[in-house]
1. Using +1 at the C-beta of Lys and Arg and -1 at the C-beta of Asp and Glu, which of P264, V192, G17 has the Cα lying farthest in the positive direction of the dipole of the chain?
2. If I stretch the segment between R14 and R391 completely, what's the gain in nm (0.36 nm per residue apart, minus their alpha carbon distance), one decimal?
3. Around P272, with a cut-off of 14 angstrom between Cβ atoms, what is the net charge of the other residues, counting Lys and Arg +1 and Asp and Glu -1?
4. Report the label-to-label distance for D80 and A46 in nanometres (one decimal), using points 7 Å from each Cα along the Cα→Cβ vector.
5. Given contacts defined as C-alpha pairs under 8 Å and at least six residues apart, what's the relative contact order of the stretch 90-169, whole-number percent?
6. At a threshold of 8 angstrom on Cα-Cα distance, excluding pairs fewer than six apart, so keeping six or more, what relative contact order does the chain reach in percent?
7. Along the positive direction of the dipole of the chain (beta-carbon charges: Lys, Arg +1; Asp, Glu -1; about the Cα centre), which of G246, H49, V76 reaches farthest?
8. Pull out a ≥ b ≥ c, the square roots of the eigenvalues of the alpha-carbon gyration tensor of the chain, then state rounded if a/c is under 1.5, prolate if not and a/b is larger than b/c, and oblate in the remaining case.
Amino acid sequence: MRTSRRADFPLLARDPGLHYLDSAATSHKPRAVLDAIRDFYERDNANPHRGAYDLSARATERYHGARERIARFLGVSDVDCLLFTRGTTEALNLVATAWGHAYIGAGDEIVVTALEHHANFVPWQQLALARAARLVVSPLTDDQRVDVGALRQLVGPRTRVVAFGHVSNAIGTVNPVRDIAAIARSVGALVVCDGAQGAPHLRVDFDALDVDFYAFSGHKMCGPMGIGGLVGRRAILEAMPPYQFGGDMIDFVRDDHSTWNVLPHKFEAGTPNVADAVGLAAACEYLDGIGLDEVLAHERALTSLASERLQLIDGVRVFGPPARERSGVVSFSVDDIHPHDLATVLDQRGVCIRAGHHCAQPLMRRLGVPATARASFYVYSDESDVDALVRAVEEAKLLFAAPSLTI
Ligand code: 7TS
């Protein structure tokens, strides 16, 4: 088994008894990222793009340097087409609102899959409601993959958008992005990929991916909270109206109308989050230092081990495709124990898992469960985390089999 990088993560290093298995919700931050943020504030802090003084020019340089570094990480050659947002949620709302209200009309169809996180479901649902369009939910196979054959049947001449996740946060299914994009392209639909769980774990090469938009969150990939982005195709971004209005995003403001700045500024109204962009660039440097192939191999080894060992426990059901095909997620249920109760027992043993619908209620309905328990792994996880998880689930089973005992 590969070694973990726990020592690089101050929060984990200071608490050896903590088994953090909720990285799909947010990852921990390596020292290099924390140092980069502090360094920005200590040396270069100023509002970029505005001041005529050297310090502001340095802040501007740091901001654009960060954009270039993150673009390189994601395989984006047209750097100004990487727009910073607060994260995936804001990025997807940007597309659904700015693009959607410009191009979606009555009777049009928007296709999403039944695997989606609410952030890639509700904005499209609301757009469809506002424009009298139709939201079509593409079904899944029995092992919770996108049913590509069914999707092909669903798209047609009225399909304007196909929006889907790179990787499911709830069960770890990795989607065939190019196959889905090809189906969307065959009818001329916009291709939108939610990369919140893709960018942290898989090598993303935006230029080769054949999607129109790719959304991501920094905090799930070793970066800080409050920064993420949207990568888009230049022609589409230039033709789209802005999302928010204010400082930085204008060219001229007349009394009766305004004109817009060039990319990326047109979509970045207001003071940008420079420090966290710098932090995210450091996170990309950190992950590239490990290598994305190694990141995935490491977490898949742990995911396979955890899935195998959990499935040996009577009454445990693991959802989704086989572990070797998922990202670092094990979503499971234990007969007769509600996932919330399980998570509480595990927490008392220092094991942090997520219990609930994982912001994927359409998926939970299709699984026929209100919630699952989810353990998710990342670069700092190791075999001792799997041991602690399995041991704690076994203990929870014993506790709930003996109702007279209190937890
Ligand atoms: N899309 C996917 C696939 C996600 O996993 C998440 C967050 C989002 C969108 C939204 O990202 P945000 O950074 O804008 O919040 N997923 C989770 C999760 O699985 N548990 O907590 C947040």
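Coordinate-derived values only; no laboratory data. Predicted model only: the values in this text are computed from it and were never measured. Here Cβ is always computed from backbone atoms with ideal geometry, including for glycine, and neighbour counts include all displayed protein chains.
1. Of P264, V192, G17, it is V192.
2. Details: separation 377, 0.36 × 377 = 135.72 nm, distance 2.26 nm.
Extra length from R14 to R391 when fully extended: 133.5 nm.
3. Net local charge, P272 excluded: -2.
4. Label at D80, label at A46, 2.3 nm between them.
5. Working: 115 pairs, mean separation 30.7, N = 80.
Relative contact order here is 38 percent.
6. Numbers: 798 pairs, mean separation 88.8, N = 407.
Relative contact order of the chain: 22 percent.
7. The one lying farthest along the dipole's positive direction is G246.
8. Numbers: a/c = 2.16, a/b = 1.31, b/c = 1.65.
It comes out oblate by the Cα gyration axes.
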